[in-house]
Every structure is written in C-alpha cells, then in structure tokens.
1. Please find, among ARG57, ARG3, the residue that is of a type in the set (Lys, Arg) and surrounded by 10 or more Cβ atoms within 10 Å (Cβ to Cβ).
2. For ALA44, only one of the following conditions fails: (1) in a helix (DSSP H, G or I); (2) out of contact with any strand residue (DSSP E or B) (no Cβ under 8 Å at 6 or more places or on another chain). What is its number?
3. Just give me the residues in segment 22-46 being open to solvent by 70 Å² or more (accessible area, probe 1.4 Å) and among the aliphatic types (A, V, I, L, M), in sequence order.
4. Suppose the filter is without any contact (Cβ under 8 Å) to a residue 12 or more places away in the chain and surrounded by 14 or more Cβ atoms within 10 Å (Cβ to Cβ); does SER18 pass it?
5. Quick one: in segment 1-21, of everything that is farther than 17 Å from GLU46 by Cβ and assigned to a helix (DSSP H, G or I), which residue is nearest to the chain's Cα centre (by Cα)?
Amino acid sequence: MIRKPQSIVVRPVMTEKSTAMTQLSNTLTFVVASDANKIEIAHAVETLFQVKVDGVRVVTVPGRIRKVGR
C-alpha cells in the first residue's frame, strides 16, 4: 500500500543544529511518521522536493518520564 508523501513527512526540524547541517553538509532534517521505513521516506522527500536522495538516516527518540504531583 503506497501512502501519500504528505502523510510520511510530518514537518521539518528547525533548530540551530539542523540549520547548520543544511548549510555545511547539504543535509535536510524532518520529523517523519513513526511507522515509515527508509525507502518510503526517501521516496516522499524526492517527490515533495524534486531532489535526489543519497541516503536516509533514522533516529528513534524515546519519550521521557514526567513526574505528576508535588
């Protein structure tokens, strides 16, 4: 089942580190759907931005535990 590229790429990451990566090493950073694989991510970025994707790196960031109460 092929999904729409808009449902895979959620939003770009706009931080100082990601902006520096874009300028220095021509690397783009996105928040993507958690169930998307590297092939789907590459296809979605190529479709949305009309670029050639050399590689995809994925990082899964675990949520943190928050204390409730006093």
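1. On the way: ARG57 fails: surrounded by 10 or more Cβ atoms within 10 Å (Cβ to Cβ).
Exactly one residue qualifies, and that residue is ARG3.
2. (2)
3. Of everything in segment 22-46, those that are open to solvent by 70 Å² or more (accessible area, probe 1.4 Å) and among the aliphatic types (A, V, I, L, M) turn out to be LEU24, LEU28, ILE39.
4. Answer is yes for this residue.
5. SER18
The values are calculated or read from the model by the stated rules, or taken from the named source; none is laboratory data. None of the values given here were measured: they were computed from a predicted structure. Note that each Cβ is placed from the backbone with ideal geometry, even for glycine, and that neighbours are counted across all protein chains shown. Note: accessible area is taken over every heavy atom of the protein model, side chains too, but ligands, DNA and RNA are not part of it. Shrake-Rupley method; radii C 1.70, N 1.55, O 1.52, S 1.80 Å.
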